[in-house]
Amino acid sequence: MQYDSIATKLSIATYIANGNGRSINDIAKHFDISIRTAYRFLDRLQEEGYPLTNEEMRDGREKLWTMLHPDMDEYGTALPSSDFSDEEKVIVYYVLSEMKKREEIVPSFKAVRTKISNMLSQKAISFPSIDYPESLNKKVYPIESINIIAKSSSKETKKHVRTILASIKHKAKCNLSYHVPNKDGTLDVVISPIFAFIFDGGMYLQALLDDGSLRTYAIERIESIEEIRGSEAIAPSFNPRVLLTDPFGPFIGKEKIEAEVWIAPEQVPYVKERNWPDGINIKENNDGSATFSVTTYGEHEFTDWLLSQKASAVLLKPDWLRKKMKTTIDDMAAHYS
């Protein structure tokens, strides 16, 4: 059964939103599906950000599922008040997802999306704009609006995000005061913010220093940030949106890495089953091994992945990175000699 079926999700959302709550057995019986399948549909709706709950609701001994409403926001993220019904919001999310694929309507779509985004769930708001690549790293979400920030974020963090977004819009520099982990004091520096994003649960800022070097800052570690009025930010020499498609995360290094890796036969199935973005090529060899080809800027994340494969993966090229890997492995081996 298709758990992304818009018709079934719409039907289930409508069913549990009406009445005083539905048990998992009610849902399974009503739609003639197994209890396990019913749970999967509920999980998928929650993954998309729609606020379902079975807390503090019971019919005898059985918990009841229902759709939260704005006046119940003590349970967490709730759909904002609007003229849309709960089931209509499911439809709007689906429409946005589908319309994103139609490149010929870019200008109109972006304007409409901006106007209605506040009426959708948090995940729907964070759905990347149509001008982002299709082959996304699924752990990365661009921060386009303050609405994407979790409600649990501090007022100070939200203030910093607002300043960052304004500076990017105005193409202005910022004075940044930043807490560096494991060091006393703070780092004070002038930056040109270029891209803010959520990666694997954390919020980050990519920025350029005045010498053109790229830096990544954890937004939660920012002590203070202030836009320098009248300043002109340094323009990046690359498209920041490439961060969204890098297979090894959005932390760009100085070097573009065009790598080939030998994968041992016993490891090939595990590498192939990983949900890689587009651009990865895995070519199987006659002996059961495979050659893994990738282009990435994420040197640190890529080498960490190679080391996690142990002897089941060998970097074939580039040669300069092979030498760095050998030095790293020799240093590790020295600790065990």
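The values are calculated or read from the model by the stated rules, or taken from the named source; none is laboratory data. Bear in mind the structure is a predicted one, so any value in this text is a computation, not a measurement. With ideal geometry, Cβ positions are generated from the backbone for all residues, glycine too; neighbour counts draw on all protein chains shown.
Quick look at the values:
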read-out: Considering residues of the range 246-266 that are at pLDDT 75 or above and of a type in the set (D, E, K, R) only, the residue farthest from LEU208 (Cα to Cα); value: GLU266
read-out: Which listed residue, of ALA207, ALA233, is part of a strand (DSSP E or B), surrounded by 11 or more Cβ atoms within 10 Å (Cβ to Cβ) and modelled with pLDDT of 90 or more; value: ALA207
read-out: Inter-residue pairs, beta-carbon under 9 Å, first at positive phi and in the range 252-265, second at pLDDT 90 or above and not in a loop (DSSP other than H, G, I, E, B), 6+ apart; value: none
read-out: Among (1) farther than 16 Å from SER308 by Cα; (2) loosely packed, with under 12 Cβ neighbours inside 10 Å; (3) over 24 Å from the mean Cα position of the chain (by Cα), the one test that PRO269 misses; value: (1)
read-out: Which listed residue is without any contact (Cβ under 8 Å) to a residue 60 or more places away in the chain and over 21 Å from PRO250 (Cβ atoms), from ASP304, ASP331; value: ASP331
read-out: Strands (runs of 3 or more DSSP E) fully within the range 251-337 counting 2 or more residues that are closer than 23 Å to TYR141 by Cα and out of contact with any helix residue (DSSP H, G or I) (no Cβ under 7 Å at 6 or more places or on another chain); value: 290-296
read-out: Residue check for ASP200: loosely packed, with under 11 Cβ neighbours inside 10 Å, at pLDDT 80 or above and under 27 Å from PHE302 (Cβ atoms); value: no
read-out: Tally, over the range 158-197, of residues that are assigned to a helix (DSSP H, G or I) and not charged (D, E, K, R); value: 9
